[in-house]
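Worksheet: one structure, shown below.
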């Protein structure tokens, strides 16, 4: 299990259902685990500098 997987697993166990934020940067290791999660819905914001 990778660090991102462990973080998302812990959030799922705590009952987190929604996460919002910008893709990229320091949280990049979380995104593969978030996409694989069946319990957490992700709302990804966009920024004009990110395309």
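The values are calculated or read from the model by the stated rules, or taken from the named source; none is laboratory data. Not measured: the values here are computed from a predicted model. Don't worry about glycine lacking a Cβ; one is built from the backbone with ideal geometry, like all the others, and counts go over all protein chains shown.
Among the residues of the range 15-36, those identified as touching a strand residue (DSSP E or B) at 6+ places or on another chain (Cβ under 9 Å) and touching a residue at least 12 places away in the same chain (Cβ under 8 Å) are 17, 18, 19, 20, 21, 22, 23, 30, 31, 34. Of all the residues in the range 1-14, those that are in contact (Cβ under 8 Å) with a residue 24 or more places away in the chain and either exposed (fewer than 11 other Cβ atoms within 10 Å of the Cβ) or part of a loop (DSSP other than H, G, I, E, B) (or both) number 2. For the range 32-47, the candidate set comprises residues that are in a strand (DSSP E or B) and out of contact with any helix residue (DSSP H, G or I) (no Cβ under 6 Å at 6 or more places or on another chain); within that set, the residue that is farthest from residue 9 (Cα to Cα) is 45.
Of the residues making up the range 17-37, those that are surrounded by fewer than 11 Cβ atoms within 10 Å (Cβ to Cβ) and within 18 Å of residue 2 (Cβ to Cβ) number 4. Could you please let me know if residue 20 is touching a helix residue (DSSP H, G or I) at 6+ places or on another chain (Cβ under 8 Å) and modelled with pLDDT of 85 or more? No; evaluated as a whole, the condition is false for this residue.
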